[in-house]
Ligand code: CMC
């Protein structure tokens with residue numbers, strides 16, 4: 001009843017109250033639970049930041065080691081999950097496989113979690129963090145036709161990611177600390193971002209009291225799109241194309257400005273940040289450092305910098321307040337770390353997982369009602385039905 005307000009894309013609607021992430025789009029501020037992203041990415045580690053995002057406080061040393069060991073306990077994935085992976089063609093996109101595998105976890109962990117039971121919720125969090133990392137890397141092993149790896153209990157969570165991805169029976173993998181530190185930082189920068197498309201999806205699906213794995217699987221699908229997390233893959237493909245076709249960045253800026261051309265400058269613009277994306281600032285600096293430390297001289301970085309410089313003084317981008325976002329430079333680092341391009345969005349998903357879990361948990365703890373927006377009907381008025389011989 002009453003007047004329905006139309007707000008396509010929910011540009012001006014708050015869907016919930018939340019204590020997790022504070023974001024000021026005008027000032028370019030991002031904080032998790034009151035801690036600045038600069039501090040967290042500079043001094044924190046991914047698992048302690050995940051704990052913070054999910055449970056609200058930074059863990060003590062004991063809480064952190066308990067958290068790590070509980071996650072480790074849950075990294076074994078049911079062997080029958082391998083049958084599901086086997087059913088996919090090698091060419092399947094890892095994000096599609098990840099969504100399917102996450103959904104399949106519901107079948108192997110059918111008991112729904114009681115959010116009011118602290119212990120049950122804690123176990124569910126650890127189980128999700130443990131299994132998701134492993135299946136995320138399995139999507140890549142599948143595309144390569146490699147045997148699947150298991151979590152190595154002697155290594156940390158982020159180091160395990162590299163080991164799960166790259167260790168071969170014939171070739172033990174020794175991860176470089178620079179690579180691990182860079183990944184850790186990237187995961188932290190992705191850990192939460194209030195009511196973005198995938199998080200809103202997780203909350204929406206969970207609001208019907210669907211389980212945690214089912215809700216997160218929906219979040220993976222939402223993240224996949226090129227306007228959201230899929231942008232990191234799209235950015236790199238765009239930069240590679242510019243490089244391949246002679247390096248003319250301005251031509252692509254013109255294409256992005258042309259309203260008859262659907263092309264958008266990938267990695268530019270943001271629904272909320274209208275000044276700069278604080279994550280992009282940190283990532284750009286990290287990209288410079290990582291490339292220098294690893295001794296990588298990537299021509300793609302020069303193209304990215306040229307694009308950014310030109311766009312930042314171009315009337316089209318300036319007047320619309322379009323700035324580089326988190327996805328603009330992340331792919332350059334992933335590439336330098338040896339991550340294949342079609343795994344970039346999976347990397348985003350691993351980083352965003354604590355945020356999805358935290359938001360799902362908060363939504364259920366706050367006893368939010370089922371998400372059910374209204375609409376304004378613009379179709380036909382009542383019509384008479386004619387049988388097919390009279391149409
Ligand atoms: N290239 C060219 N024009 C753009 C771009 C772009 N990347 N982004 C926005 N615009 C234009 C848009 O055409 C519109 O112009 P006009 O007012 O003349 O119609 C104006 O800027 C406002 O754009 P909008 O589409 O109404 O803004 P939105 O808030 O709905 O969309 C966005 C935000 C991020 C989806 C969009 O900026 C975009 O498509 N960017 C490229 C994809 C991308 O990098 N996505 C990653 C987002 S950040 C991390 C994440 O969420 O994963």
Worksheet entry | Sequence ranges 80-86, 204-210, ranked by mean other-Cβ count within 10 angstrom, highest first | 204-210, 80-86
Worksheet item: Mean residue ellipticity at 222 nm from the helices of the chain, using -39,500 (n - 2.57) per DSSP H segment of n ≥ 4 over the full residue count, to the nearest 500 deg cm²/dmol?
Response: -17500 deg cm²/dmol
Worksheet entry | Distance in nm between pseudo-label sites at residue 388 and residue 176 (7 Å out along the Cβ direction from Cα) | 6.5
Discussion item. Give me the extension gain from residue 92 to residue 146: residue separation times 0.36 nm, minus the current Cα-Cα distance, reported in nm with one decimal.
Written reply: 18.0 nm
Worksheet, complete the sentence: To the nearest 0.05, the calculated FRET efficiency linking residue 13 and residue 319 through their beta-carbon distance, R0 being 30 Å, is 0.75
Discussion item. Just to be sure I follow: if Rg is taken over the C-alpha atoms of the stretch 1-101 and Rh is the Kirkwood radius over the same atoms, what is Rg/Rh?
Written reply: 1.12
Worksheet item: Out of every Cα-Cα pair in the stretch 264-319, what percent are more than 12 Å apart?
Response: 73
Item to complete: Figure the gain on full extension for residue 258 and residue 292 (residue separation times 0.36 nm, minus the Cα-Cα span) and round it to one decimal in nm.
Response: 8.6 nm
Discussion item. Assuming 0.36 nm per residue, please report the length gained on full extension of the stretch residue 367 to residue 305 beyond their Cα-Cα distance.
Written reply: 17.7 nm
Worksheet entry | Kirkwood hydrodynamic radius of the stretch 231-336, from inverse mean 1/r over distinct Cα pairs, in Å | 13.9
Fill in: Fewest-first sequence of 241, 308 by Cβ atoms within 10 Å of each Cβ
241, 308
Item to complete: For the stretch 242-305 and the stretch 73-123, compute the distance between their C-alpha centroids and round to whole Å.
Response: 34
Fill in: Which of 263, 276 has the fewest Cβ neighbours within 10 Å, and the rest in rising order
263, 276
Item to complete: Please identify, among 45, 380, 243, the residue showing maximal mean-square fluctuation in a Gaussian network model of the chain using a 10 angstrom Cα cutoff.
Response: 380
Worksheet item: Rounded to the nearest 0.05, what FRET efficiency do residue 116 and residue 244 have when you use their Cβ-Cβ distance and R0 = 45 Å?
Response: 0.20
Worksheet, complete the sentence: Quick calc of log₁₀ I(q)/I(0), the chain, Debye, one scatterer on every Cα, no solvent, q values 0.06, 0.12, 0.13 1/Å, result -0.25, -0.97, -1.12
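Values in this text are rule-based calculations from the coordinates and carry no lab data. Just so we're clear, the structure is a prediction, and the values are computed from it rather than from any experiment. Cβ atoms come from the backbone with ideal geometry, glycine included; neighbour counts cover every protein chain shown.
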